[in-house]
Amino acid sequence: MPAPVNGPVSQGFGVDESNLGIPGLTTNKGNDYAVPVGTPFTAAAGGTVIAVGDDGAGWGIRIVIRDAYGNVHSYGHLSEAHVNVGDVVEQGH
């Protein structure tokens, strides 16, 4: 699966090191990328957009895509979104 953006991974899969020693330790279920505000990204996998916007969960503006296998891909901390719920997106677009 291609990376959604060209930039360094700031945190990869696994234990979320920022929560070490804190009750309710979480794991990072994806890669976080450190890129400048406004950097364009593409879908790592094609699928249907199932959520867009700020749901108050700390992601800021987020796009959530469900692929053909039922996997969910979340893209958060975005400066803007150019898709709507129900849109079908292709990998790399």
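The values are calculated or read from the model by the stated rules, or taken from the named source; none is laboratory data. Being a predicted model, the structure only gives us computed values, none of them experimental. Positions of Cβ are generated from backbone atoms using ideal geometry, with glycine treated the same way; all protein chains shown enter the neighbour counts. The accessibility values were calculated without ligands, DNA or RNA, using every heavy atom of the protein model including side chains. Shrake-Rupley method; radii C 1.70, N 1.55, O 1.52, S 1.80 Å.
Tallying residues that are closer than 16 Å to Val88 by Cα, open to solvent by less than 70 Å² (accessible area, probe 1.4 Å), aliphatic (A, V, I, L, M) and in a loop (DSSP other than H, G, I, E, B) within the stretch 30-74 yields 3.
Just a yes or no: is a residue in the stretch 73-80 hydroxyl-bearing (Ser, Thr, Tyr), under 13 Å from the mean Cα position of the chain (by Cα) and at pLDDT below 85? There is no residue in the stretch 73-80 that is hydroxyl-bearing (Ser, Thr, Tyr), under 13 Å from the mean Cα position of the chain (by Cα) and at pLDDT below 85. When the stretch 54-93 is examined, which residues are found to be in contact (Cβ under 8 Å) with a residue 24 or more places away in the chain and among the aromatic types (Phe, Trp, Tyr)? Result: Tyr75, single match.
Would it be correct to say that His93 is part of a loop (DSSP other than H, G, I, E, B), loosely packed, with under 13 Cβ neighbours inside 10 Å and modelled with pLDDT of 90 or more? Let's see the steps before the verdict.
On the way: part of a loop (DSSP other than H, G, I, E, B): yes; loosely packed, with under 13 Cβ neighbours inside 10 Å: yes; modelled with pLDDT of 90 or more: no.
No, not satisfied.
The one condition from (1) farther than 13 Å from Pro4 by Cα; (2) among the charged types (D, E, K, R); (3) open to solvent by less than 80 Å² (accessible area, probe 1.4 Å) that Glu80 does not meet is (3).
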